[in-house]
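All of the numbers you see were taken from the coordinates with simple rules; none came from a lab. Being a predicted model, the structure only gives us computed values, none of them experimental. Cβ placement follows ideal geometry from the backbone for every residue including glycine, while neighbour counts extend to all protein chains displayed.
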């Protein structure tokens, strides 16, 4: 039974039989849904700063003082 995996960069779904698997030297496994995600990670970009990723950074709420 194929398992669903999440993209290590954008958090999107990686369909069974698609995507890329990368094994780092320390043994950790990273899955990518597309080469766009892999290239952005290699370029050192932060997923939280990009709007097209599933979990963009949330703006901090302003504290209301009475």
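Pairs please, first residue from region 30-51 and without any contact (Cβ under 8 Å) to a residue 24 or more places away in the chain, second anywhere and in a loop (DSSP other than H, G, I, E, B), Cβ atoms under 6 Å, 6+ apart in sequence or on different chains. Taking only residues 6 or more apart or on different chains, the pairs are 30/8; 48/57.
The residue that is surrounded by the most Cβ atoms within 10 Å (Cβ to Cβ), among those in region 1-38 that are touching a strand residue (DSSP E or B) at 6+ places or on another chain (Cβ under 9 Å) and assigned to a helix (DSSP H, G or I), is 37.
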